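Student: Please read through the structure below; I'll follow up with questions.
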Amino acid sequence: MTQPVTLGGRPTMPPPGVPTEELLIARFRTHARRLFWSALVLIGVFGATAYFFDNLPAPFENWMLLSAAGALVLLLVVVPYIVWYSRTVTVTTRRVIVRHGIGARSRREMSHARGYTIGVRRGVLQRLWGVGTITLSNGVDEPLRLPNVPTVTLVHETLADQIEVSQILAHRDAQSGQDAQTSF
């Protein structure tokens, strides 16, 4: 039996045939630039409410102003924030997991071992903000689209490395399985 490769006494690769532990590499959300307009609405609503408070004619009371401001903040600030916060992308040593949804949660996964192509698209505004859209396609399932990924080049390189490592481990395990069968 071969010994695992070590680095400073710590094993870096498990021996052939031993399942590898799934480790978290990154967890992130889309870039928060989507909330820019919500922030402007929040500032504008607070400014307008402060200006018009106690300055409206008699039929328009302060309670009407405050309820309208509350409704605007709820619809144009809180709801977009909750939608943005509910979508997460997790990259592990085995797969990419995308979760989204507020009430009913939806989850999609793509395994590194199966392999997939990585497409990166960066528009003009995305380059200004340092983000991009990554599309993962394995040719069988519907492509997995990750919009507005922060530090898109780093995520792209990490995904490419994980595909390579997973395929090397799968090939090594397949070879060790064939070697074990031929030795009998």
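The values are calculated or read from the model by the stated rules, or taken from the named source; none is laboratory data. Just so we're clear, the structure is a prediction, and the values are computed from it rather than from any experiment. Cβ: placed from backbone, ideal geometry, glycine included. Neighbour counts: every protein chain shown. The accessibility values were calculated without ligands, DNA or RNA, using every heavy atom of the protein model including side chains. Shrake-Rupley method; radii C 1.70, N 1.55, O 1.52, S 1.80 Å.
Student: With contacts defined as alpha carbon pairs under 8 Å and 6 or more residues apart, what's the relative contact order of the chain in percent?
Tutor: The value is 19 percent.
Student: Subtracting the Cα-Cα distance from 0.36 nm times the residue separation, let me have the gained length for Ser67 to Ser106 in nm, one decimal.
Tutor: Full extension of this stretch gives 10.7 nm more.
Student: Between Arg27 and Val41, what is the label-point separation in nm under the 7 Å Cα-to-beta-carbon projection?
Tutor: Taking the two extended label points, one gets 2.8 nm.
Student: Could you calculate the contour length gain from Ile168 to Ile82, that is, 0.36 nm times the residue separation minus the distance between their Cα atoms, to one decimal place in nm?
Tutor: 27.0 nm
Student: Among Gly101, Gly115, Gly47, determine the one that fluctuates most according to a GNM of the chain built with springs between C-alpha atoms less than 10 Å apart.
Tutor: Among Gly101, Gly115, Gly47, the largest mean-square fluctuation in the Gaussian network model of the chain belongs to Gly47.
Student: Among Glu109, Glu164, Glu22, which one shows the highest mean-square fluctuation when the chain is modelled as a Gaussian network with alpha-carbon springs under 10 Å?
Tutor: It is Glu22.
Student: Further question: What FRET efficiency do you get for Ser137 and Thr93 if R0 is 22 Å and r is their Cβ-Cβ distance, rounded to the nearest 0.05?
Tutor: 0.60
Student: Read through the labelled values [x] 43, 38, 33; [y] 46, 31, 25; [z] 95, 38, 31 and report the label of the one computed as Cα extents along the principal axes in Å from the structure.
Tutor: [z]
Student: For Thr20 and Ala50, what is the calculated FRET efficiency with R₀ set at 45 Å and r taken between the beta-carbons, to the nearest 0.05?
Tutor: 0.20
Student: If I fit a long axis through the Cα atoms of helix 152-182 and take the longest principal axis of the Cα atoms of the chain, what angle between them do I get, 0 to 90°, rounded to 10?
Tutor: The helix 152-182 is inclined about 30 degrees to the chain.
Student: So with the 1.4 Å probe, I'd like the accessible area per residue for the chain, rounded to whole Å².
Tutor: Heavy-atom accessible area per residue stands at 67 Å².
Student: Next up: Helix-only estimate, please: 222 nm mean residue ellipticity of the chain, summing -39500 (n - 2.57) across DSSP H runs of length 4 or more and dividing by its residues, to the nearest 500.
Tutor: When only DSSP H runs of four or more count, the value is -13000 deg cm²/dmol.
Student: If you average the alpha carbon positions of segment 102-159 and of segment 21-44, how far apart do those two centres end up, in angstrom?
Tutor: Cα centres, segment 102-159 to segment 21-44: 15 Å.
Student: On to the next question. Any idea what angle helix 36-52 forms with the longest principal axis of the chain, computed on alpha-carbon atoms, 0 to 90 degrees, nearest 10?
Tutor: Taking the Cα atoms of the chain, the angle to 36-52 is about 20 degrees.
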